[in-house]
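Right, one structure below, let's go through it.
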Amino acid sequence: MRERINNQIRAHELRVIDSENQNLGVLSIKDALELAQSKSLDLIEINPNANPPIAKIMDFGKYQYEANKKLKKSRAGSKPTETKSIQVKIGTGDHDLELKAKTASKWLKEGHRIKVELFLSGRAKYMDEKFLKEIMSKGQKTHAFICLDDDSIGLQAGFLLLHALQNQKIQILVRMQEDTGLAKFLREVKSTGASLANLQAFGLLDRTCKAEMFDYSTREALARAIHEDYVYQAQKSGSPVSKDNLPSWEELSEELKESNRRQADHIGAKLKAIGCGITPWREYGAERFLFTENEIEIMAYTEHNRWVEEKLELGWQYALERNDALKLHPDLLLWGDERLTEDAREKDRNAARLLPALLARAGFQIYRIQK
């Protein structure tokens, strides 16, 4: 934008700066012009958007020379904008992803554009239902073995193949890394309906590896999410929560971790009780799946009584006041007991309502089994 000078200036008042960069205050346009003329200089409007606009008294030729000099210096010091590429593959480790994210952040701060390239390696094609159908259509087959080095992809490929071959009696076996994680979770899932009868999983490393090596399996992810939601709901409602329950998952006691894992293991049984099943997530909005009030009541009742049985096995007892050190809890009452508070029942109902979102975070969605 070209600056207005002298009689081109339209403002009635101006904040004036002299040639020595001294602020002369607000002057009328008439007084500012007279002052500039008395010094044989120009009145230059340098910031018309200020209130009032700012003008400077100096030689306009010198002003243009200094402005051009600053522009050339700025251009010489600036780097040309480039499009930088970040390459990501399915299965890229968390540490590598973190490094790539830091690199991308650095490039963005430098003014560059970022292009993220997702490379589908050979195993990624197993997520293509068309590819799976083509493989299974060649010759007569009775069994399909899926052996991939990623449990999550292997399980999803199994579900996709099951869907593609839903009218054929072909047994699908998915090799999992260990029996206590996704393989165990799948057994819970397949118990939710006959549509999963042809899909089985077998553990490969359950006798040689510890469960702690597989913290990012579906079972562990669900258990973590259950704990996070429990803490969030407790803080939101303002209800008293034991300090032992508030730490992050890594700081949680092993007993409470295992309790969350058992709750995750029982998801399939609760859904089976209301005629629902689980399938890999593929529909946007699936996390908003709605249960009927009766279905919520059934799942809440089932989960509460399971939890009571678990706590009693661990030596906990009923008491009016909670004391974790002494293993005392006021909610250790069966669902039908009149002493069980409505707040306690509502916690179990909320846990049931959160199941669709919980499963969506682990890559699954709920569906109703057609009778």
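Obtain the nm distance between the two label points defined at Arg322 and Glu228 by a simple spin-label model: each point lies 7 Å from its Cα along the Cα-to-C-beta direction.
2.1 nm
Classify segment 6-77 as rounded, prolate or oblate, taking a ≥ b ≥ c as the square roots of the eigenvalues of its Cα gyration tensor: rounded when a/c is under 1.5, otherwise prolate if a/b is larger than b/c and oblate if not.
Taking the square roots of the gyration eigenvalues as a ≥ b ≥ c, segment 6-77 is prolate.
Full-extension gain between Leu97 and Arg345, please, as 0.36 nm times their residue separation minus the C-alpha to C-alpha distance.
Result for the pair: 85.1 nm of gain on full extension.
Could you pull out the pairs from Lys102/Lys130; Lys70/Lys109; Lys327/Lys347; Lys109/Lys257; Lys106/Lys257; Lys39/Lys70 whose alpha carbons sit more than 30 Å apart here?
The pairs that break the limit, which is 30 Å between Cα atoms, are Lys102/Lys130; Lys109/Lys257; Lys106/Lys257.
Going by how many other beta carbons lie within 10 Å of each one, how would you line up Asp331, Asp94, fewest first? Spell out each step's value before the answer.
Working: Asp331 19, Asp94 8.
Least to most surrounded, the residues fall as Asp94, Asp331.
Rule-based calculations on the coordinates, nothing more; no lab input. Predicted model only: the values in this text are computed from it and were never measured. All Cβ positions, even for glycine, are placed from backbone atoms using ideal geometry, and neighbour counts span all protein chains on display.
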